[in-house]
Every structure is written in structure tokens, then in C-alpha cells.
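Notes follow once the structure below has been shown.
Just so it is clear, none of the values below were taken in a lab; they were calculated from the coordinates. Being a predicted model, the structure only gives us computed values, none of them experimental. Using ideal geometry, Cβ is built from the backbone for each residue, glycine included, and neighbour counts are taken over all protein chains shown.
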Amino acid sequence: MNKKLIATLNGTTHTTPPIWLMRQAGRYLPEYRETRKKAGGFLDLCYNSDLATEVTLQPLRRFELDAAILFADILLVPDALGMKVWFEEGEGPRLDGISNGFNINNLKSVSDIHERLAPIYQTVKNLSSEIPKTSTLIGFAGAPWTVATYMIAGKGSKDFSESKAFMFQEEEKFNQLINIITLATVEYLSAQIEAGAEVIKIFDSWAGVLSERKMTAYVYDPIVKIASELKKRHENIPIIVFPRGVGPSYKVFAKNELFSGLAIDTSIPAAWAKKELQNSIAVQGNLDPELLPGDGSTLKEEVENLLDNLRNGPYIFNLGHGITPKARPENIQKLIDFIRSKN
Ligand code: 1CP
């Protein structure tokens, strides 16, 4: 099979790297906004297999991308564990929240999550027969720490004060929560692999707000636990990890052979990634997504710097974080054309 992304994750170097973009399905696409309206709310869209299949494929119909990422959200795991999740229009996610009085003893048992998540597995199954033959299907989940921050605060956070207070002051309960999310994530990702996901990506978007010691305990260790259990069950599944914002600790992730790909955030210098990471692992990233809303004139120099540094080793072209709703689709086409012209 001729799948560039998988070959790269297995260590192959391509002069023209495989390309996909975080949040490639989403509000910057008019066809996404249409489908989302049809679905009702955002969660209704995630749980509707036909519509979720459709929005996953939308960016691939416009652009020649090497991967499709399952359309879902990291907050489906708390939802499936019985902590209510909803989206306030224009404000983002809301959850019952531990800091609002939700008792973690009221979470469902991990083996019960599949009932709620069954439509997601159906979406994966649909996609595995519908995506273009050269594209790779990526399944994903949030990492325990990032998911916990939403379950604790009941919303997105700027300073993570509720989550850190819970971590420092109620350590036993915090550990219990991390453990529940870890076990649920293993079951969720394993079911995605069984339904046809070819690569798994674990998003730890808020990894960078912890001290190194806490990062090791609550970011690195739980992700390693998830990855080693997945590898036990599915030996050849490539895993990409995104510990956003951990800076020099990216090196620790690069050296762990459980991971095949390391997604770097925008702050990591490409030359540093080449020197310190790429000898051990395929590197993915890290164009600033804020380059995509403008007139596109400064894209080329940034892309060139990435390619000059990283395309002589296993490299996956991507952004350093998700596409924003203001991104212009024509800039994405320009970006892809430019990368492919540099062979
Ligand atoms: O209004 C809408 O249509 C909802 C916007 C939206 C979308 C398109 C949300 C709400 N989630 C998603 C899809 C999504 N989320 C995907 C699949 C689509 C793709 O990548 O093409 C993925 C992988 C995610 C992952 C996700 N959700 C993360 C980790 C990655 C990251 O961007 O850091 C996080 C932190 C979330 C939580 C979440 N869900 C939605 C929003 C707006 C947020 C962020 C809230 C915050 O800023 O705290």
C-alpha cells in the first residue's frame, strides 16, 4: 500500500512530505458551516455518523491531503463517562465540572463508555471505506491531563487555576480522575483502531502549563500508559503524540519508541527539532496557523524554513496548532501547491 504518512511514521524520508492540517475540518469551510447547521448542535454533529463522515471528507474533496482525521472531539470521553458536555454558542465547551460540585464517584464505569461512543466507531468504519486510497485515516483522543482540565473547570481555561488547585490540594482524587480518563482513553482508541483507524494521535494541548515534575507525572506517564496498552493490543499501530508547549521535554517524548510521530507546536525552532528530535522520531508541524487568515504573502518564507530544516528526515507537514475559523481556504491551496512545487 502506498500511504505516504504511514511510511513517514515508519521512518521514511520523502522530498515532498505528506501533508495534513490540524482542525482541517471546521468553521473556516462554508460547507462545514452548512452541515453543522443541518446537524443542530456541535455534539449532534459528532454523534451523527453520516454527517461526521461528510465533514471529515470535506477538506479532502477540496485539497489533496495525505490524511483524514476523524471528526469528533476530545470532550466526548467525559460525555461518555456521564459528565454532561454542551457547547455555548460563541463561547466554547461547558461541562458539569468538578469545581462546580460534580462528584467523580458519579462517573460511569469505563466499560460503559462504548454505548454512547458507538456512532463514533461507525464514523470510523464509514471513513475507512470512503477515504481516498492514498490518504491515511487518523483516529484521536485527548490526553488525560488536557481532558481533566475541562472536567475540573467545567470549561476552557486561561490560567488553569481550578485544575492546579485540584491537582495540588486533592491529590488522591486527582490521581483517581487521571486514572479513569487513562483507562477510558485506552478503550476508546482501541475501539477506533478496531473500526479502521490506521494511525492514532493523542492531543495534550495544555501539557505546557505544568512544571516538569508534574508534566512527567500527569502528561508523560499517562500517555505512555495509553500507548503501551494500545501497542499490546495492536502491535503495529503508529502513534503521534502532541504534548503542546513542553519545550525541551519534547526530547523525552522523541526517545520513547512507543511513539512514531511527534507533533511540535509553533514555538519549537525547526533547526532544533532537526537536531534534537528528528534522529529518533518523525517530526510533524509546525507552521503558525495565524498565517492562514491573511493575504498569504508571508507563507512562503515560513514554509521554506520548515522544509529546509526538516525534509531531509522523516517529516509530516502540518501546523503548530489548529486552523482557526478565519483561515482562508485559498491560502491552504496556495500552501499545498507551494510545498508540492519544492521537489
Ligand atoms: O462550533 C463548532 O463547529 C465547533 C468547533 C470545534 C471543532 C470543529 C470543536 C469545539 N471541536 C472541533 C473538532 C475537533 N476537535 C477535532 C476534529 C477535527 C479536525 O481536526 O479536523 C479535533 C482533533 C479536536 C480536538 C480538540 N478539541 C482539542 C485538541 C486540539 C487542539 O486544538 O488543541 C481541544 C482542546 C478540544 C476542545 C474544544 N472543542 C471545541 C473547542 C472550541 C475546543 C477548545 C476550547 C478551548 O479553547 O479551551
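General observations
- Label-zone membership for region 130-163, site Arg27, 7 angstrom Cα→C-beta point, backbone N under 20 Å: 150, 154-159
- The residue list Phe102, Ala191, Ile332 was ranked by how far each Cα lies along the charge dipole of the chain toward its positive end, using unit charges on Cβ atoms, and Ile332 comes out on top.
- Ranked by how many other beta carbons lie within 10 Å on average, peptides 83-91, 221-229, 63-71 from highest: 63-71, 221-229, 83-91
- As a calculated quantity, the FRET efficiency between Arg61 and Lys173 at R0 = 41 Å, using C-beta atoms, amounts to about 0.35.
- Rounded if a/c under 1.5, otherwise prolate or oblate - region 297-338, Cα gyration tensor axes: prolate
- Helix 49-62 vs. the chain, principal-axis angle (Cα, 0 to 90°, nearest 10): 20 degrees
- Phi angles across region 211-216 convert, under the Karplus curve 6.51 cos²θ - 1.76 cosθ + 1.60 with θ = phi - 60°, into 3J(HN,Hα) values of 5, 4, 5, 6, 4, 4 Hz, Gly and Pro given as x.
- Burial order of peptide ranges 173-186, 310-323, 263-276, 96-109 (average beta-carbon count within 10 Å, highest first): 310-323, 173-186, 263-276, 96-109
- Since only Ser163, Leu177, Phe203 are under comparison, the one whose Cα sits farthest along the positive direction of the charge dipole of region 142-233, derived from C-beta charges on Lys, Arg, Asp and Glu, is Phe203.
- Here the spin labels are modelled as points 7 Å beyond Cα on the Cα-Cβ line, and at Thr216 and Arg328 they lie 4.8 nm apart.
- Helix 329-341 axis, angle to the chain major axis (alpha carbon atoms, nearest 10°): 50 degrees
- Each listed q (0.08, 0.12 Å⁻¹) maps to a log10 I(q)/I(0) for the chain, found by the Debye formula over equal Cα scatterers with no solvent: -0.35, -0.83.
- Every helix of 4 or more DSSP H residues in the chain counts as -39500 (n - 2.57), and over all residues that averages to -13500 deg cm²/dmol at 222 nm.
- Extending 7 Å from the Cα toward the beta-carbon at both Thr13 and Glu91 defines two label points whose distance is 5.2 nm.
- Shape of region 171-268 from the C-alpha gyration tensor: oblate (a/c of 1.5 or more and a/b not above b/c, with a ≥ b ≥ c the square roots of its eigenvalues).
- Proximal lysines relative to Lys125, as straight alpha-carbon distance under 19 Å, when same-chain residues fewer than 8 apart are discounted: Lys3, Lys133, Lys201
- Extension gain (nm, one decimal) between Phe338 and Glu257, 0.36 nm per residue minus Cα-Cα: 25.9 nm
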